[in-house]
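Values in this text are rule-based calculations from the coordinates and carry no lab data. Note that the structure is predicted; figures quoted are calculated from it, not measured. Note that we place each Cβ from the backbone using ideal geometry, even for glycine, and neighbour counts take in every protein chain shown.
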Amino acid sequence: MAFTKKVTLDGCLYSYSINPDVKPYTLRDTTFTQNTVGHYELKRLLEKVPNSGDGFPLKITVHKDLNAFKLTITDKSGLRSVNIFKSEDNKLLQDKFYFLMDSLVERHIFSKNPV
C-alpha cells in the first residue's frame, strides 16, 4: 500500500487525511515511533477483551516528510486486510477504532470528514 494524503476504509463512516499542521513532536507524544527509514509508526491491537492478545492489528504509518500516511487493519499475520466495519458483531472494535482516531484528530495529526 502506497502513502496517500487521504484514507477511507471500506464501511467506515469517516475518511481521514493528514493534517497540514502535524509536527514530529506531536507524533512522538502520541506514541508514534520512528522506524529505520525515518517514517513514524503507530501499532495498536484492536481487541474485544483488553489484554487478551486476541484482536486485529491496526498500523498507521506517517511518511517522514509528514505529507502522507498509510492506515491498515489486518489479521494477526499482518498479510490480509480485515474489514471490521462489515459486521455488527465488531461494534466494540469499531468504537475502539473511532476512539483512537478521534484522539489523533484532537491532537491535529489527522483531519476527519464524513464519507
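Brief remarks follow.
- Against the list (1) in a loop (DSSP other than H, G, I, E, B); (2) in contact with a Ser or Thr (Cβ under 9 Å, 6 or more places away or on another chain), the condition LEU104 fails is (1).
- Screening ILE84 against (1) surrounded by fewer than 19 Cβ atoms within 10 Å (Cβ to Cβ); (2) under 25 Å from ASN35 (Cβ atoms) leaves a single unmet condition, (1).
- Annotation: TYR40 fulfils all but one of (1) closer than 17 Å to VAL115 by Cβ; (2) touching a helix residue (DSSP H, G or I) at 6+ places or on another chain (Cβ under 6 Å); the unmet one is (1).
- The set of residues from region 24-60 being surrounded by 10 or more Cβ atoms within 10 Å (Cβ to Cβ), outside any strand (DSSP E or B) and among the polar types (S, T, N, Q) comprises THR26, THR30, THR31, ASN35.
- Residue under evaluation GLY78, criteria (1) touching a residue at least 40 places away in the same chain (Cβ under 8 Å); (2) under 15 Å from the mean Cα position of the chain (by Cα); (3) assigned to a loop (DSSP other than H, G, I, E, B), criterion not met: (1)
- Enumeration of residues in region 6-22 that are touching a residue at least 60 places away in the same chain (Cβ under 8 Å), surrounded by fewer than 18 Cβ atoms within 10 Å (Cβ to Cβ) and in a loop (DSSP other than H, G, I, E, B): ASP10, GLY11, LEU13, ASN19, ASP21
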